[in-house]
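Just below is one structure, and these are the notes that go with it.
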Amino acid sequence: MRVNVKGVALGMKHAARAMIPRRCGCIISTASVAGLMGGLGPHAYTASKHAIVGLTKNAACELGKYGIRVNCISPFGVATSMLVNAWRKEDDDEEEEGNVSFGMPLEEEVEKTEEFVRGLANLKGATLKARDIAEAALYLASDESKYVSGHNLVVDGGITSSRNCVGFFVAISLHQASSTSN
């Protein structure tokens, strides 16, 4: 909560201080699909991402009169080192307590993570990459989104609109079962 919520709030506060005199600007924060529906992460993480979405909307209301746009991006799981290592640690914790490497993930681990995310997505034929999140941020920072404020841009391949929590829990359970059997 201290990093996810307080860090974002302080970042918005100090960015706004610099932008208010100029009467323009754009603040973009990162939330998560966990901020849209329950069951997608641990309690504290989920609560913090819900808070970021709410903070974004409230800051947009407050700062709009100064010409400052405030938005956030809510991605689903991108096969970054952080996500792959977190899943690797979960799998290792289930098997045995041991030394877990948190370096760069192996290519096969990245592919396995991407395959899992693709399997959950309603949108077929695409793989979520970090570049997709960067492109979303670029759009929100550009003049192309000059009338977009208080928005949570969800980059999830339709997961939050097409999956319910029960379906997601089943998919996660199947993923964990297949990981431990390998």
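Cβ-Cβ contacts under 6 Å between residues 6 or more apart (or on different chains), taken from a first residue in segment 12-26 that is part of a helix (DSSP H, G or I) to a second residue that is modelled with pLDDT of 95 or more and surrounded by 11 or more Cβ atoms within 10 Å (Cβ to Cβ), are listed as Met12/Ile27; Met12/Ala59; Ala15/Ile27; Ala16/Leu63; Met19/Gly25; Met19/Ile68; Ile20/Tyr66.
If you scan segment 59-105, which residues turn out to be outside any helix (DSSP H, G or I), modelled with pLDDT under 80 and among the aliphatic types (A, V, I, L, M)? Spell out the reasoning first.
Going residue by residue through segment 59-105, those that are outside any helix (DSSP H, G or I) are 67-80, 96-105.
Now drop any that are not modelled with pLDDT under 80, which leaves 96-105.
The answer is Val100, Met104.
Is at least one residue of segment 129-145 among the aromatic types (Phe, Trp, Tyr) and modelled with pLDDT under 90? Checked against the condition, which is being among the aromatic types (Phe, Trp, Tyr) and modelled with pLDDT under 90, segment 129-145 yields no hits at all. Among the residues of segment 40-91, just one is within 11 Å of the chain's Cα centre (by Cα), within 14 Å of Ile28 (Cα to Cα) and of a type in the set (Ser, Thr, Tyr), namely Ser74. Scan segment 3-14 and give yes if some residue there is in contact with a helix residue (DSSP H, G or I) (Cβ under 7 Å, 6 or more places away or on another chain), at pLDDT 95 or above, closer than 20 Å to Asp156 by Cβ and small (Gly, Ala, Ser), otherwise no. Looking for residues that are in contact with a helix residue (DSSP H, G or I) (Cβ under 7 Å, 6 or more places away or on another chain), at pLDDT 95 or above, closer than 20 Å to Asp156 by Cβ and small (Gly, Ala, Ser), one finds none in segment 3-14, hence no. Counting the residues of segment 34-58 that are of a type in the set (Val, Ile, Thr) and at pLDDT below 95 gives 1.
The values are calculated or read from the model by the stated rules, or taken from the named source; none is laboratory data. The shown structure was predicted, so the numbers you read here are calculated from the model rather than taken from an experiment. Every residue, glycine among them, receives a Cβ derived from its backbone with ideal geometry; neighbour counts consider all protein chains shown.
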